[in-house]
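Colleague: So that we are looking at the same thing, I have put the structure below in structure tokens.
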Amino acid sequence: MDLQQGSIKDLWKAIYNTGDLHHCFNCSTCLSGCPASHGDPPLLVRNLARKVILGLEEELLNDDTPWACVSCSKCEEMCPMDVKPFEMILAIRQWQSANDETRVPPSIVEIYKRGYTQAVGVNTDLRDKLGLPELKTITNNPEQLQFFREMLMKTPVVSANDYMFGG
């Protein structure tokens, strides 16, 4: 990649234009409530942010960790800089899929089945004790999950591999 021709800037624009990722200072606060940060491999949002900022296209294209995100939005709740890490993860997934039409994310079956890849809502007792509101996840809304499945089935990666989804 030729960094002299603005590839970093182009990657930044292509992936993430919702917030200012340059405000991320790698504090790791986003990981403090992230269930996927304990996965194998762990989802480390700060590493994804650095790959985007530095324009590391090849490394980002081959990184499966964005697909481990459980869509719980705890990172958004925790981020002191309002970087919107969950939205960045969704944007990275979209960018990866657009730049590699043959990509079948390893967690796509779990995403289709449950709307997320890992258990969410396991710390509800702690949230209750702290007075935090219940997380609004796709699990709490069957109509939203059905809509999500229908939307996924329209994507080339899912429709071309519908045998994986019971289709």
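Read-outs: derived from the displayed coordinates by stated rules, not from any lab. Because the structure is a prediction, the values reported are computed rather than measured. Every residue, glycine as well, gets a Cβ built from its backbone with ideal geometry; the counts of neighbours run over all protein chains shown.
Colleague: With N residues in segment 65-120, what two-decimal value do you get for its Cα radius of gyration over 2.2 N^0.38 Å?
Modeller: The reported ratio for this selection is 1.19.
Colleague: Ok, one more. By how many nm would the segment from LYS136 to GLU59 lengthen if fully extended, with 0.36 nm per residue of separation less the alpha-carbon distance?
Modeller: 24.5 nm
Colleague: Name the residues of segment 45-89 whose amide N is less than 12 Å from a point 7 angstrom out from the Cα of VAL157 along the C-beta direction?
Modeller: Answer for this model: 61-69.
Colleague: Give me the net charge for the shell around ASN47: Cβ to Cβ below 10 angstrom, other residues only, Lys and Arg +1, Asp and Glu -1.
Modeller: +1
Colleague: Still on this structure, I have one more. Taking every alpha carbon pair in the chain, what does the distance histogram look like in 10 angstrom bins from 0, in percent?
Modeller: Binned Cα distances yield the sequence 10, 36, 36, 15, 3, 0.
Colleague: While we're on this one: Please give the charge dipole size of segment 3-165, origin at the Cα centre, charges +1 on K and R Cβ atoms and -1 on D and E Cβ atoms. Round to the nearest 20 debye.
Modeller: 180 debye
Colleague: Quick one: which of 53-66, 81-94, 125-138, 34-47 comes out on top by average Cβ neighbours within 10 Å, and what's the full order, highest first?
Modeller: Packing proxy ranking, top to bottom: 81-94, 34-47, 53-66, 125-138.
Colleague: Helix-derived [θ] at 222 nm for the chain: sum -39500 (n - 2.57) over DSSP H runs of at least 4, divide by residue count, nearest 500?
Modeller: -12000 deg cm²/dmol
Colleague: Now for a separate question. Please give the net charge around ASN26, taking every other residue with its beta carbon less than 9 angstrom from that of ASN26, where Lys and Arg add +1 and Asp and Glu add -1.
Modeller: +2
Colleague: With +1 on the Cβ of every Lys and Arg and -1 on the Cβ of every Asp and Glu, and nothing else charged, how large is the dipole of segment 125-167 about its Cα centre, in debye rounded to the nearest 20?
Modeller: It works out to roughly 100 debye.
Colleague: Can I ask one more? Among GLY131, SER73, HIS22, pick out the residue whose Cα is farthest towards the positive end of the charge dipole of segment 3-165, where Lys and Arg carry +1 and Asp and Glu carry -1 on C-beta, about the Cα centre.
Modeller: Farthest towards the positive pole: GLY131.
Colleague: Another one. Which order do the peptides 20-31, 99-110 take when ranked by the mean count of other beta-carbon atoms within 10 Å per residue, highest first?
Modeller: Ranking, from highest mean packing down: 20-31, 99-110.
Colleague: If you don't mind, there's one more thing I want to ask. Would you count, across segment 3-165, every pair of lysines whose alpha carbons are under 18 angstrom apart, provided the pair is eight or more residues apart or spans two chains?
Modeller: 10
Colleague: So, one more: With a 4.7 Å Cβ cut-off, tell me which Cys residues in the chain come up empty for a partner.
Modeller: Taking the Cβ cut-off of 4.7 Å, the unpaired cysteines of the chain are CYS24, CYS27, CYS34, CYS69, CYS72, CYS79.
Colleague: Taking other Cβ within 10 Å of each residue's Cβ, how do SER159, SER73 sort, fewest first?
Modeller: Going from least to most buried by this count: SER159, SER73.
Colleague: Still on this structure: With +1 on each Lys and Arg Cβ and -1 on each Asp and Glu Cβ, and nothing else charged, work out how big the dipole of segment 62-157 is about its Cα centre, in Debye to the nearest 20.
Modeller: For segment 62-157, the charge dipole is close to 180 debye.
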